[in-house]
Amino acid sequence: MDQVKTGGKGAGGGTSHALAALVIGLFFFWGGATSLNDVLIPKLKGLYQLSYAEVMLTQFAFFTAYFIVSIPAGALVARIGYLRGIVVGLVVAALGCLAFWPAAASGVYASFLVALFILAGGITILQVAANPFISLLGDERSASSRLTFAQAFNSLGTTIWPFIGSSLILSGAAATDPATLSGTALSSFRISESATVAHVYIGIAIMLVLIALVFWVRRNAVKTERPEAVGLFDSLALFRHPRVAFGVVAIFVYVGAEVSIGSMLVNYLQLPGTMGLSPEAAGHRLSLYWGGAMVGRFVGTALLRQFQPGRLLAAFAGVAALLVVGSMATTGALSGWLLIAVGLFNSIMFPTIFAIGLKGLGPKTGEGSGLLCMAIVGGAILPLATGKLADLTSIATALVIPIVCYAVIAAFGLTDRKDA
């Protein structure tokens, strides 16, 4: 039976390769489920007559789960192993999707936030288990490239699902303006319009349960060493390592920047000063933002084998910042396309930051993964700040927050050395 060691020694054989393919498939599904938030935002904003800051509570509820669940998830994975941890994550995510049905039936905005939190809790467990596991399925020196390849399939999900989700959730918008309704009529309208959202997420729940069954059947296919079980304070002690501490900051600002742009993009492209698109058409353009990340990750898989990961990361972050500046400084279609193009340069950031942050941790890789996944809470906090700034000024002005984030990421990349 093949052995996967928690030190990056790798594993060979057809069994491990087949398992790696299955794990890579997970990246596709959780990427798609996460990107549907960007389609959900304009739907809920109009349906519940929300401000940008209020509707960004969807991202706050979703990404706060990473902060709350990551350390318990690390302890769970340490207890039951990577593969069983993946099964648990899939089941919890499916329960979160099913919770959209009572949320839609209630006609209450807060109930959607609860469903999103549960869904994100499951995805957090998947991330804590799958990110280090895919890193361990091979040589540590190629971990950045391998994780980037897996993240490319994550981006494939974020490319395809928003396009489909826009067609299902944003198409055929009701002619009725909810601002003209009140009382029972308003409640009935919201319940009716929310039913489409519930149907989409129930379909996702069915897929997740089927995938969980596949992993449950394969749970003993490869013998894996479990990460060392540790307590919360033991995990926090890793902050003494500068690379880990800066990596946590870099993940925080990266996810915050990516989610802020993705969350605002549909509304931004609808503005008369940019592209003036319909909600559905803007949602389809959102797929190009995530599609750029997919293309960049496939290309980045090769580039990371040729160039030092930290330097390449800094270069990509610098270009992303310049594109956002360009979008802020221009109007019309050019402004919209420049912001869409940022997705191409977001591509290698998460997997490269993750791999650099975990470099050299050996048996503490699982702990480090938990801390880095906690930092994904940046997707909760920074989009909320971006939404508030957009309410006070404009969406274009609020893009200054992602610019600062990319500057921090570039600095992190420049700290990585070949001999470190």
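What follows is calculated from the coordinates using simple rules that are stated; it is not laboratory data. Model, not experiment: these values are computed from the prediction. Glycine also receives a Cβ, built like all others from the backbone with ideal geometry; neighbour counts cover every protein chain displayed.
Roughly how big is the chain's charge dipole about its Cα centre, with Cβ charges of +1 (Lys, Arg) and -1 (Asp, Glu), in debye to the nearest 20?
Roughly 980 debye for the chain.
Report, to the nearest 10°, how far helix 14-47 tilts away from the longest principal axis of the Cα atoms in the chain, using its own Cα long axis and a range of 0 to 90°.
Taking the Cα atoms of the chain, the angle to 14-47 is about 20 degrees.
Projecting each Cα onto the charge dipole of the chain (Lys/Arg +1, Asp/Glu -1 at the beta carbon, about the Cα centre), which of LEU22, GLN127, SER51 comes out farthest on the positive side?
LEU22
Please check which bits of region 281-304 a label hung off ASP177 would reach, taking the label as a point 7 Å along Cα-to-C-beta and the cut-off as backbone N under 15 Å.
Correct set: none at all.
Mind checking which of LEU344, PRO383, TRP101 is farthest towards the positive end of region 9-415's charge dipole, using Cβ charges of +1 (Lys, Arg) and -1 (Asp, Glu) about the Cα centre?
LEU344
Once you've got the GNM for the chain with C-alpha springs shorter than 10 Å, pick whichever of HIS284, HIS241, HIS199 has the biggest mean-square fluctuation.
The residue that fluctuates most here is HIS241.
Quick check: convex hull over the Cα atoms of region 33-113, volume per residue in Å³, rounded to an integer?
90 Å³
Across the chain, how many lysine pairs, 8 or more apart or on two chains, come within less than 24 Å at their alpha-carbon atoms?
Count of close lysine pairs: 14.
Under 10 Å, Cα contacts only: if you run a Gaussian network model on the chain, which one of LEU119, LEU344, LEU372 comes out with the highest mean-square fluctuation?
Judging by the Gaussian network model, the answer is LEU344.
Once the dipole of the chain is set up with Lys and Arg at +1 and Asp and Glu at -1 on Cβ about the Cα centre, which of LEU113, SER187, TYR406 lies farthest towards its positive end?
After comparing all options, I get TYR406.
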